[in-house]
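Take a look at the structure set out below.
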Amino acid sequence: MYYLLLAFCYGISLLPLWLLYGISDVLCFFVYRVLGYRRKVVLENLRQAFPEKPEAEIRRLAAKFYRNLTDMMVETIKLLTMSRRSLQRRFDCDLTVLRELYAQGKSCQLHLGHNFNWEWANLFCMQGVQFPFLVVFMPITNKAVNRMFVHFREKFGTKLIPANDMRNGMAPWLGQQYLIALVADQNPGNPRRSYWFPFLNRMTAFYKGPEMSARRFDIPVVFADIRKVRRGYYKAQLKLAFEHPRQEPEGRITEAFVQYLEKNIREQPEVWVWSHRRWKHVYDPAHDELRPPGSDNA
């Protein structure tokens, strides 16, 4: 099954991007208009995040999101045959802050959200730094699809760390410099072992893991924001957020990332993944321990 799927995707990836975007337009129509893939979730999330926007604007944002979603599908398949030169022409990011941390002998955590196109961002970043580049990912249930995505992501040398087995996955890298990318807006499985902060007009749970490891090992934290310049072209910005995380109070790093992410989403909302069931957990204000010590967010 895997080899059939890989062969099919490889054949698709040989098509020029202008033709792949034509396929994306057709996919977008069927996914959004005909199949209605998670359309109710997308519209409810957008209404929650932007109560001030009229319904017509909400639906325009939804349509833009679905077009970006199917664009990312074909762009990801294109990675099978995309050259380094082509990727560097279509994705831009100043990696100076990462190179400076490497020169100082430090490791680095890179925190980002589900902004399109994170697949291109992963491969671009690892080509431009000397660190071993580690990416934490959640394995896909379908083994053939999961194997294919691993193939995409490791094409240029990225090392994948499964989120459900991080201890063993990180073991070979402890004691040396590394750069680890964490998509830090995942919905945590256990809301009682999470940090809660206001996010897009609702109290929202966030994993403690990224902050806890940064503070434990005093690993500098860099925030990343990805913007879509135009179809097929992206630009990312990096910000050294915390050089000495161990000095920060508990919850501060996560809170800063939440505020950073929300600001970027509001500036270009159509590039964030609204189809995630991000608010499955409901905050209980009766349990103050759900908030970090010293937090005044209610």
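The values are calculated or read from the model by the stated rules, or taken from the named source; none is laboratory data. Predicted model, so just to flag it, every value in this text is computed and none were measured. Cβ: placed from backbone, ideal geometry, glycine included. Neighbour counts: every protein chain shown.
Checked against the criterion of being assigned to a helix (DSSP H, G or I), hydrophobic (A, V, I, L, M, F, W, C) and over 20 Å from Val273 (Cβ atoms), region 58-77 has no qualifying residue.
Only one of the listed residues (Val221, Val271) is closer than 22 Å to Trp196 by Cβ and modelled with pLDDT of 95 or more. That residue is Val221. Counted as qualifying within region 82-130 are the helices (runs of 4 or more DSSP H) with 1 or more residues that are in contact (Cβ under 8 Å) with a residue 24 or more places away in the chain, over 18 Å from the mean Cα position of the chain (by Cα) and more than 23 Å from Phe152 (Cα to Cα), namely 96-103.
Counting just the residues of region 124-134 that are at pLDDT 85 or above and touching a strand residue (DSSP E or B) at 6+ places or on another chain (Cβ under 7 Å), which one comes out surrounded by the fewest Cβ atoms within 10 Å (Cβ to Cβ)? Selected residue: Val129. Would you pick out the residues in region 107-153 that are more than 23 Å from Ile265 (Cβ to Cβ) and in contact with an Asp or Glu (Cβ under 8 Å, 6 or more places away or on another chain)? Those that are more than 23 Å from Ile265 (Cβ to Cβ) and in contact with an Asp or Glu (Cβ under 8 Å, 6 or more places away or on another chain): Phe152, Arg153.
Results for (1) at pLDDT 95 or above; (2) hydrophobic (A, V, I, L, M, F, W, C); (3) in contact with a Gly (Cβ under 8 Å, 6 or more places away or on another chain); (4) closer than 23 Å to Val136 by Cβ, shown as yes or no for each residue.
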| position | (1), (2), (3), (4) |
| --- | --- |
| Lys53 | yes, no, no, no |
| Thr76 | no, no, no, yes |
| Arg85 | no, no, no, no |
| Arg90 | yes, no, yes, no |
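To keep it simple, each residue is scored yes or no on (1) touching a residue at least 24 places away in the same chain (Cβ under 8 Å); (2) surrounded by fewer than 17 Cβ atoms within 10 Å (Cβ to Cβ); (3) among the small types (Gly, Ala, Ser); (4) under 16 Å from Pro188 (Cα atoms).
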| position | (1), (2), (3), (4) |
| --- | --- |
| His244 | yes, yes, no, no |
| Gln247 | no, yes, no, no |
| Gly251 | yes, no, yes, yes |
| Glu262 | yes, no, no, no |
| Val271 | yes, no, no, no |
| His276 | yes, yes, no, yes |
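Checked against the criteria, Pro292 counts as part of a loop (DSSP other than H, G, I, E, B) and either more than 23 Å from Met170 (Cα to Cα) or modelled with pLDDT under 95 (or both). Look at Pro210 and say whether it is modelled with pLDDT under 95 and not acidic (Asp, Glu). It is true that Pro210 is modelled with pLDDT under 95 and not acidic (Asp, Glu). Note on region 135-239: enclosed helices (runs of 4 or more DSSP H) holding 2 or more residues that are buried (at least 19 other Cβ atoms within 10 Å of the Cβ) are 143-153, 209-217. Taking the listed residues Val31, Val42, the one that is within 26 Å of His151 (Cβ to Cβ), crowded, with 20+ Cβ neighbours inside 10 Å and either touching a residue at least 60 places away in the same chain (Cβ under 8 Å) or within 22 Å of the chain's Cα centre (by Cα) (or both) is Val31, with no other qualifying.
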